[in-house]
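Here is the structure we will look at, set down as structure tokens.
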Amino acid sequence: MKIAVFSTKSYDKIYFDKHKAKSKHTFTYFETTLNADTTNLTIGYEGVCVFVNDKIDEKTIGNLSKNGIKLIALRCAGFNNVDLKAAQEKNIKVVRVPAYSPQAVAEHAVAMILTLNRKTHKVYNRVRESNFSLENLTGFNLHGKTIGVIGTGQIGIAFCKIMLGFGCKIIAYDIKKSEELISEDIDYQTLDEILKNADIISLHCPLTPETNHLFDNAAFSKMKDGVMIINTSRGALIKTKDAIDALKKGKIGYFGIDVYEQEEHLFFKDLSESIIQDDLIQRLISFPNVLITPHQGFFTEEALTQIAVTTMKNISDFEEGKNLPNEVKG
Ligand code: NAD
């Protein structure tokens with residue numbers, strides 16, 4: 001199939017080119033994101049391959065349909081950026097990579113916890129300037145702390161297992177309980193109980209209408225003072241303005257985010273010479289107890305390989321009229 005790949009970065013091309021040999025597909029790489037204004041680029045192609053910040057709304061899908069696009073291949077797990085109903089109406093199939101490495105994201109969440117807690121990012125810079133003081137570097141033991149996990153799918157499960165190894169008590173909330181975790185002595189509680197009881201809360205549920213702004217002023221007010229919040233899932237799970245208020249009051253003691261509500265304007269780009277217009281992220285960056293990473297949770301060799309291999313297979317399955325195990329429907 002002829003596929004137009006959007007939001008392409010050097011690493012996408014490297015891993016796709018490495019794994020495309022076994023398939024008959026041809027890929028044309030575009031750096032631009034796919035949205036209603038860039039759909040002209042899809043003329044002459046049969047499918048598109050997109051990532052987390054491409055905007056596949058109703059208008060984009062209408063244009064794609066006119067251009068003869070039959071397949072939207074997401075090279076990510078989340079699909080909140082695709083209007084699935086509109087795709088179904090236009091008979092465009094949507095496939096994704098459901099699990100490219102749950103461990104990659106889970107391990108990144110743990111890295112954020114350790115960094116915020118033990119402040120290794122700060123001491124790295126201090127020591128380079130011959131400052132060997134321990135002032136303001138006090139951390140806390142993870143052993144014995146209560147970790148609240150929201151969403152216990154593939155990434156949530158991997159995260160729980162790592163945290164069990166630290167000797168933490170894990171409490172979890174999900175609309176569907178994991179039998180595997182129940183057998184590991186993980187205690188499922190209501191969302192309110194998690195907010196009240198957890199020292200650290202890590203978000204691993206998808207962004208849906210129900211989870212949009214799950215963490216707002218009302219939720220923060222129920223949490224322990226000085227709580228640590230980690231979000232490696234989707235930015236809009238947290239209402240950023242309310243998080244800033246909670247940070248200013250000291251309600252949130254540590255805030256680690258790999259995803260951000262308005263990330264499509266910022267992440268995956270080098271903006272070091274630009275004037276950032278987003279005042280909320282600039283305010284977040286100014287806090288000493290905030291750690292922001294630019295949606296890099298997935299970014300391991302294993303995950304990039306899996307993304308390329310599964311995407312090739314998804315496209316081949318579609319072309320050959322096979323069952324689509326990785327299809328997502330509205
Ligand atoms: P998954 O589908 O395996 O698990 C999601 C879990 O969330 C499921 O158990 C589901 O029942 C639960 N859930 C759904 N709605 C819920 C709700 N309202 N309240 C509580 N729980 C709810 O997904 P996954 O592979 O574990 O990925 C989780 C999320 O991580 C994805 O949706 C994506 O947004 C994000 N992600 C981020 C990165 C990154 O690089 N930072 C990479 C991959 C995925």
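The values are calculated or read from the model by the stated rules, or taken from the named source; none is laboratory data. All values reported here derive from a predicted model rather than from experimental measurement. Using ideal geometry, Cβ is built from the backbone for each residue, glycine included, and neighbour counts are taken over all protein chains shown. Calculation scope for accessible area: heavy atoms of the full protein, side chains included, ligands and nucleic acids excluded. Shrake-Rupley method; radii C 1.70, N 1.55, O 1.52, S 1.80 Å.
Some observations on this one:
- Available extension along the chain between Arg128 and Glu320 is 63.4 nm, counting 0.36 nm per residue and deducting the alpha carbon span.
- Based on DSSP H segments of at least four residues, each scored -39500 (n - 2.57), the chain has a per-residue ellipticity at 222 nm of -10000 deg cm²/dmol.
- Evaluated over region 102-292, the Cα radius of gyration and Dmax, each in Å: 16.7, 51
- Between the helical axis of 301-319 and the longest alpha-carbon principal axis of the chain there is an angle of about 30 degrees.
- When only the Cβ of Lys, Arg, Asp and Glu is charged (+1, +1, -1, -1), the dipole of region 102-292 relative to its Cα centre reaches about 600 debye.
- Simple point charges give the picture: +1 on the Cβ of Lys and Arg, -1 on the Cβ of Asp and Glu, and for the chain a dipole about the Cα centre of about 300 debye.
- Calculated accessible area for region 104-225 comes out at 53 Å² per residue, all protein chains present (probe 1.4 Å; ligands, DNA, RNA ignored).
- For the residue pairs Lys251/Lys329; Lys176/Lys222; Lys249/Lys269; Lys20/Lys59; Lys59/Lys269; Lys18/Lys66, the alpha carbons lie more than 29 Å apart in Lys251/Lys329; Lys249/Lys269; Lys20/Lys59; Lys18/Lys66.
- Net charge of neighbours whose Cβ lies under 15 Å from the Cβ of Asn131, counting Lys and Arg as +1 and Asp and Glu as -1: +2
- Placing one equal scatterer on every Cα of the chain and applying the Debye formula, the log10 ratio I(q)/I(0) at q = 0.07, 0.09, 0.16 Å⁻¹ is -0.31, -0.52, -1.37.
- Each Cα pair of region 12-149 feeds into the Kirkwood radius, which the Stokes-Einstein equation turns, at 25 °C and 0.890 mPa s, into a diffusion coefficient of 131 µm²/s.
- Angle of helix 240-249 to the longest C-alpha principal axis of the chain, folded into 0 to 90 degrees and rounded to 10: 10°.
- In order through region 83-100: 3J(HN,Hα) via Karplus (6.51 cos²θ - 1.76 cosθ + 1.60), integer Hz, x for Gly, Pro: 7, 5, 5, 4, 5, 4, 4, 8, 6, 9, 7, 10, 10, 9, 10, x, 9, 9
- Selection among Thr240, Gly44, Ala73 by position relative to the dipole of the chain gives Gly44 as farthest towards the positive end (Cβ unit charges, Cα centre).
- Solvent exposure of His204, expressed as accessible area, is near 20 Å², computed with a probe of 1.4 Å over the protein chains only.
- Accessible surface of the chain [probe 1.4 Å, protein heavy atoms]: carbon and sulfur percent: 51
- Nearest-10 value in Å² for the accessible area of Lys59, using the 1.4 Å probe: 130
- Comparing Cα centroids, region 148-210 and region 41-118 end up 25 angstrom apart.
- Taking amide hydrogens as placed 1.01 Å from N in the peptide plane, the amide H of Asp37 sits under 5 Å from that of no residue at least 5 positions away in sequence or on another chain.
- Span per principal axis, largest first, for the Cα atoms of region 207-330 (Å): 57, 38, 25
- Degrees between helix 102-118 axis and first principal axis of the chain (Cα, 0 to 90, nearest 10): 30
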